[in-house]
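One structure is given below, encoded as structure tokens.
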Amino acid sequence: MVFNLNSVGSFIDANNGMVFPMLSNGKPDVSCGTHISDVDKEWFDNLSSIDKDFIDLIFGRKVGK
């Protein structure tokens, strides 16, 4: 299942940890995914506290670098 992360203009697939940018039409760009373990620190720094908590809940651990 894919969830919207508004604070960073992205979506995350809870099944495989892939992060996708949001297109101008508000849908995920599935041709441009990056695994959550490969996104940069700036992306994590820009997550809202709600989105961080949501990601932590999905993956059962703290995320970020």
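Throughout, read-outs are computed from the coordinates displayed, never taken from laboratory work. The shown structure was predicted, so the numbers you read here are calculated from the model rather than taken from an experiment. Cβ coordinates were reconstructed from backbone atoms using ideal geometry, including for glycine residues, and neighbour counts include every protein chain displayed.
Of note:
- Of all residues making up the stretch 21-41, the number that are under 13 Å from GLY9 (Cβ atoms) and charged (D, E, K, R): 2
- Yes/no for MET22 being of a type outside the set (Lys, Arg) and in contact with a Ser or Thr (Cβ under 8 Å, 6 or more places away or on another chain): yes
- Number of the condition not met by ASN6 [criteria: (1) surrounded by 15 or more Cβ atoms within 10 Å (Cβ to Cβ); (2) touching a helix residue (DSSP H, G or I) at 6+ places or on another chain (Cβ under 9 Å); (3) in contact (Cβ under 8 Å) with a residue 40 or more places away in the chain]: (1)
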